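Please treat every number below as a calculation from the coordinates, not as lab data. Note that the structure is predicted; figures quoted are calculated from it, not measured. Glycine also receives a Cβ, built like all others from the backbone with ideal geometry; neighbour counts cover every protein chain displayed.
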Amino acid sequence: MLWTVSLCLLLAVSSSGVPLDRYSTKGQHKVLLISFDGFRWDYDRDVDTPNLDRMAKDGVKARYVTPPYLTITSPTHFTLLTGRYIENHGVIHNMWFNITTSEKLPYYATQFKNEWWDNGTLPIWITAQRQGLRAGSLHFPGTQSTYQGETQTVKDVEPRFYDYKNETKWRENVEKVMGTWFSEMDLDFVSLYFGEPDGTGHKYGPDSPERREMVKQVDRTVGFIRSLAERNGLADSLNIIITADHGMSNVYRNGLVKEITLSRIPGFSFRDIAFHLVDFGPSGMLLPKEGMLDKVYNALKGANPHLHVFKKEEMPERLHFANNNRILPIILFSDPGYVINGFLPVQFNTGEHGFDNEEMDMKPFFRAVGPVFQKNLEVGPFETVNIYPLMCHILGIKPDPNDGHLDATKHMLISTTEDLRQDIKSNIFVGLAAVAGFLVVVFIALVSFNAFKKETNDRSSEKSLPPGGKEETHQTAL
């Protein structure tokens with residue numbers, strides 16, 4: 001009987017700490033991933049941003065994050081969704097292209113080229129749904145496509161001539177996500193995209209007053225997002241992660257520098273090129289004709305101190321931009337401030353991105369707030385491939401193979417999986433200690449009780465003896 005009671009007590013005590021079902025977060029926490037395209041890590045330094053500041057106090061702020069190379073929109077956004085470097089997920093450019101026909105499609109049309117996106121790597125939308133959750137996406141690059149025949153529970157693709165800077169549209173999109181998708185449809189994960197301040201940074205430059213005004217609009221929107229989360233009763237379940245795909249850098253114009261124009265480089269000729277992607281900022285790729293690879297490479301290598309030329313197999317490993325059949329044999333990128341022109345200078349943007357991801361101007365910002373995140377915590381920089389495993393962990397799903405790791409971000413969380421395991425061990429230890437103490441008390445009580453009982457019986461025996469102190473004996477017949 002004593003051991004039965006003890007076992008029951010052990011079970012009661014060991015489960016009286018944190019319940020085991022708390023350690024499975026699946027279905028308990030929602031995630032909203034927001035991208036403000038082209039929001040550089042330091043854009044809040046020359047603008048009053050009360051809502052972003054409040055979000056940092058209520059949650060986590062990273063000094064900056066490092067996107068993958070190539071630092072342009074579609075490839076870096078697909079890294080956020082998959083946790084894979086660009087060479088591994090295969091969306092290597094904003095533009096779909098065909099090297100046989102020399103056909104190229106611009107950014108918007110590429111969103112509808114399913115084979116460009118669905119090439120073996122699953123975005124988090126599909127991974128979550130395969131594990132019983134519900135996902136949605138609004139305007140995020142890659143939203144339109146299906147992946148292995150599957151699509152999001154709900155999705156919204158922007159129309160062709162969409163005004164990416166319209167603040168009224170922004171608010172309508174936020175109301176749809178918060179009021180309908182999360183509240184009414186009970187989605188678990190949503191990705192939400194805003195096309196600014198990228199467009200303003202391109203047109204006016206990252207140091208312009210127009211860019212600063214757009215950052216204020218972003219800040220107002222962040223405040224609106226958080227207020228709608230409260231209004232729709234999502235504060236206790238929704239975790240909001242806000243980041244961007246890349247930063248922005250000024251382009252040198254008006255005769256400040258000698259522009260890079262490939263056709264003017266001695267020994268180089270477009271007659272030796274079968275296909276090219278240049279005139280799209282500071283990066284480019286070339287496919288030389290048969291037998292012309294070394295000639296083209298040797299003509300360009302060292303031709304301009306601000307132009308970096310690599311054969312695909314010679315690309316620095318840190319850039320993770322070589323091991324994919326879609327990447328062309330020669331890769332070019334320029335130093336910040338310079339763009340790569342083909343036949344003639346045709347680029348007129350004041351700001352550009354697409355530079356080496358180690359350049360500080362290419363670093364985006366990062367904020368996170370919600371029930372799983374610590375408060376008023378500033379963390380050091382990390383790569384954006386690590387955001388995917390973080391989101392999977394919060395959602396309680398098993399991630400697909402990826403290049404990130406939870407170790408890079410778990411210090412942001414109130415309690416990590418390892419902490420929870422330690423809590424379980426601690427609770428079991430406390431339970432065992434309590435049972436041991438209980439058994440000691442019971443043992444002492446039993447010993448004391450038996451001693452008391454024996455003493456009482458002895459006294460009773462003494463009182464029942466006849467006069468003379470000897471016990472009377474009677475003999476009976478056999």
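Figures for the structure shown
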quantity	calculated
The range 182-238 versus the range 363-406: alpha-carbon centroid distance in Å	18 Å
Cβ-based charge dipole, the range 175-242, positive-most Cα from 241, 195, 181	195
Cβ-based exposure ranking for 91, 278, in which fewest neighbours within 10 Å come first	278, 91
Segment residue 405-residue 46, extension gain: residue separation times 0.36 nm, minus the distance between their alpha carbons	125.9 nm
Karplus-derived HN-Hα couplings along the range 353-359 (A = 6.51, B = -1.76, C = 1.60, θ = phi - 60°), whole Hz, x at Gly and Pro	9, x, 7, 3, 6, 7, 5
Listed pairs 30/176; 30/398; 30/155; 165/216; 57/176 exceeding 19 Å between Cα atoms	57/176
Beta bridges per DSSP with both ends in the range 70-223, % antiparallel, nearest 5	30 percent
Hypothetical label at residue 279: residues of the range 248-269 whose amide nitrogen lies under 17 Å (7 Å Cα-Cβ projection)	260-265, 269
Sequence of 193, 43 once ranked by neighbouring C-beta atoms within 10 Å, starting from the fewest	193, 43
Additional length obtainable on full extension of the chain from residue 53 to residue 252, 0.36 nm per residue less Cα span	68.4 nm
Gain in span if fully extended, residue 270 to residue 108, counting 0.36 nm per residue against the direct Cα distance	55.6 nm
Cut-off under 5 Å, modelled amide H: who pairs with residue 155 long-range	137
5 angstrom amide H check on residue 66, placed H, neighbours 5+ away	382, 383, 384
Karplus 3J(HN,Hα) series, Hz, for the range 79-87 with 6.51 cos²θ - 1.76 cosθ + 1.60 (x for Gly, Pro)	5, 4, 7, 10, x, 10, 5, 5, 5
Zone residues, the range 247-291, relative to residue 358, backbone N less than 20 Å from point 7 Å out along Cα-to-Cβ	247-250, 282-284
Two-site FRET efficiency, residue 313 against residue 162, from Cβ-Cβ distance with R₀ of 35 Å, rounded to 0.05	0.30
Fraction of antiparallel bridges per DSSP, the range 260-348 only, in percent to nearest 5	85 percent
Residues listed by number, the range 45-77, amide nitrogen under 20 Å from residue 323 label point at 7 Å toward C-beta	67-71, 75-76
Table column - 3J(HN,Hα) (Hz), the range 220-234, Karplus curve with 6.51, -1.76, 1.60, x for Gly and Pro	4, 5, 4, x, 5, 4, 5, 5, 5, 4, 5, 5, 8, x, 9
Residue 213-residue 294 pseudo-label distance in nm [points 7 Å out on the Cα-to-Cβ vector]	5.7 nm
